[in-house]
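What follows is a single structure, written as structure tokens, with notes after it.
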Amino acid sequence: MAGDVELAIRCEGVIEPVIFLNLLGSPGARVVAGKDGKFIEFAAANLFAGRYDITRPAPYGFRLRLEPSWQVTAFSYDV
């Protein structure tokens, strides 16, 4: 389902989030379990004419790595 993504990572005792991202109109996301860990890739907006069907990786967006540790990075693949 297409929609907005908000990511807020907070640390105990800190009022403001350490990381705060908004991705408006994301066409989709996919969970990847690779040899270097587990992560979620959120596709950037305006990439596709319709819904994102996860048969191919999105060309770019941001990645939330979950394992072995938390990390947020931008990503891009050759199209």
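The values are calculated or read from the model by the stated rules, or taken from the named source; none is laboratory data. Quantities reported herein were computed from a predicted structural model and do not represent experimental measurements. When we count neighbours, we look across all protein chains shown, and the Cβ atoms used for this are built from the backbone with ideal geometry, even at glycine.
Do you know which residues across region 50-69 are modelled with pLDDT under 85 and touching a strand residue (DSSP E or B) at 6+ places or on another chain (Cβ under 9 Å)? Answer for region 50-69, where residues must be modelled with pLDDT under 85 and touching a strand residue (DSSP E or B) at 6+ places or on another chain (Cβ under 9 Å): Tyr52, Ile54, Pro57, Ala58, Pro59, Tyr60, Gly61, Leu66, Glu67, Pro68, Ser69. In region 24-35, how many residues are within 15 Å of Phe75 (Cα to Cα) and charged (D, E, K, R)? Residues that pass the stated criteria total 1. When each of Leu47, Leu21 is tested for being surrounded by 12 or more Cβ atoms within 10 Å (Cβ to Cβ), over 14 Å from Tyr77 (Cβ atoms) and either in contact with a Phe, Trp or Tyr (Cβ under 9 Å, 6 or more places away or on another chain) or modelled with pLDDT under 80 (or both), the lone residue that passes is Leu21.
Restricting attention to region 58-79, which residues are closer than 20 Å to Asn22 by Cα and either of a type in the set (A, V, I, L, M) or not in a strand (DSSP E or B) (or both)? Give the derivation first.
Step one: list which residues in region 58-79 are closer than 20 Å to Asn22 by Cα, which gives 58-66, 70-76.
Scanning region 58-79 gives Ala58, Pro59, Leu64, Leu66, Trp70, Val72, Ala74.
Here is the figure for region 16-44: residues that are out of contact with any Gly (no Cβ under 7 Å at 6 or more places or on another chain), outside any loop (DSSP other than H, G, I, E, B) and closer than 16 Å to Glu67 by Cβ total 9.
Does Glu6 qualify as being modelled with pLDDT of 80 or more and not in a strand (DSSP E or B)? Against the criterion (modelled with pLDDT of 80 or more and not in a strand (DSSP E or B)), Glu6 does not qualify.
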